[in-house]
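The values are calculated or read from the model by the stated rules, or taken from the named source; none is laboratory data. All of these numbers come straight from a predicted model, not from anything done at the bench. Ideal geometry is used to build each Cβ from the backbone, glycine not excepted, and the neighbour counts take in all protein chains shown. Surface areas here come from the heavy atoms of the whole protein model, side chains and all, with no ligands, DNA or RNA. Shrake-Rupley method; radii C 1.70, N 1.55, O 1.52, S 1.80 Å.
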Amino acid sequence: MRTRTPQVGSHHKAKVRGSRRSVPRPQRHGPVGTPALRDPKSGDRSGNSGVDSKGRLANFSAGPAMVYEEVLHKCQLDLMNFEGKGLSVMEMSHRGASFTKIIEEAEQDLRTLLRIPETYEVLFMQGGATAQFAAVPYNLGWRHDPSDVAYAPRADFLTTGSWSKKAVAEAKKVGVEANVLATGDNKSIPSDVSAFDYGDAETRAQSAYLHLCANETIQGVEFKGLGSLGSVVGKGGQLQGAPIVADMSSNFCSKPVNVEDYGVIYAGAQKNVGPAGVTIVIVRKDLLGSPKAGTPTMLDWTVMSENKSLYNTPPCFSIYVCGLVFKHLLSLGGLDKVEQINKAKCGLLYDCIKQSQGYYDCPVDPKCRSAMNVPFTIPGHEDLEKVFVQEAEAAGLINLKGHRSVGGMRASIYNAMPMQGVEKLVAFMKDFQAKH
């Protein structure tokens, strides 16, 4: 039997006034998860199935994304007077005792979540992952001789979508000779390691690092661990002696990761672990200390490490919220539990697409479909895709329009998206198919 959603109405009418039935039922994915989105049968007379009792929408944005409500409530509580200190986190000195405690606890909780060894440094930086596209070559490309600025180091890249290609372009600007080992077709990940274009033995030995994007936000392509690379990766996250660098911006802390499979991991916070403004860099300590001469200070990992991420005023509030998210993820049971929740959410959505018998289509190879970003289309009916986005928004299911470069729709279902949000989307998709 096909599930139908109630008739949709304007999301501007979603606020429930004076209803005692507006208390949300408990979240299904854990005792401290985000409160459930409102069930249309529970007395919400707005007809707006994607809106919860507090007027919050189901936000499928690729980033900035949803934040756990428990975290938002804690932020609200602390906003005017943090722990009785008489000021907000946004007002306190980044060198004072209160913020020192905040940033140290955030680091320690992240180390616990990801089991980060002491041989790795954790940095809280600025500029987003895009800034790290330049920081990576600046810090790793000239380790043999930082003063030899005329030298053009070689670095290897796996390109599987838009962001890994941008990393290549930025490295070239810094002066790196970018060698693309293999290229996906925006729908898959190159799996034949033996076919990678390393060049001859001499140039292979000269590679400064291997860069990959662990999850392509736009295309919805995700590495499952290191995939076929895992069979040839050496100790300390190295391939043919070159450290592996992973952009994990859109799947960071969505599942357990063996940090020692990588030399460097970096991620913007605004998808899974907090608001925009802070970028987390996890780097093996022996890779520090040899940035290219003239490296901009704010891109210099060594400077940031020596100053405990406090060379200048950091994004204090963003770091504070990340720390709250890390505590929340630990309270859920850690990343093993978080991964279980995420697999259930994306599984429900991919099953809906499959069961539509071709009405909806996901263009990505099932072996590397992202658990975080699910692109889908209505094949041959771009006009209907526009209607889908409009009607979904009216139903309180927002930011489902696909990226401008690929079109279609995309549901980003990061950690803080509750199961009920995905259930509402699936119900809407089935109802839309029945009507159109």
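Things worth noting here:
- With 25 Å as the limit on Cα-Cα distance, the pairs of Lys166/Lys327; Lys101/Lys292; Lys85/Lys327; Lys308/Lys337; Lys327/Lys354 that go past it are Lys166/Lys327; Lys101/Lys292; Lys308/Lys337; Lys327/Lys354.
- Mean projection of the Cα convex hull over all viewing directions, computed for region 334-434: 6.5 nm².
- Whole-number D in µm² s⁻¹ for region 82-331, Kirkwood Cα-pair radius fed into Stokes-Einstein, 10 °C, 1.306 mPa s: 86 µm²/s
- Between the C-alpha center of region 251-281 and that of region 380-421 there is a gap of 25 Å.
- Surface share of carbon and sulfur [accessible, 1.4 angstrom probe, percent] for region 82-331: 49 percent
- The residues of region 278-436 have, on average, 39 Å² of accessible surface per residue, using a 1.4 Å probe with all protein chains present.
- Distance between the modelled labels on Asp351 and Glu177, one decimal in nanometres: 5.2 nm (7 Å Cα→Cβ projection).
- Applying a threshold of 30 Å to the alpha-carbon distances of Lys172/Lys386; Lys173/Lys345; Lys271/Lys386 flags Lys172/Lys386; Lys173/Lys345 as lying beyond it.
- Ordered from highest to lowest accessible area with the whole protein assembly present and a 1.4 Å probe, Arg143, Arg95 read as Arg95, Arg143.
- Straight-line cross-link reach from Lys401 at under 12 Å between alpha-carbon atoms covers these aspartates and glutamates, not counting any fewer than eight positions away in the same chain: Glu382, Glu385, Glu391, Glu393.
- Highest average first, the peptides 116-128, 80-92 ordered by how many other beta carbon atoms sit within 10 Å of their residues are 116-128, 80-92.
- Whether region 241-327 is rounded, prolate or oblate, judged on the alpha carbon gyration tensor where a/c under 1.5 counts as rounded: oblate
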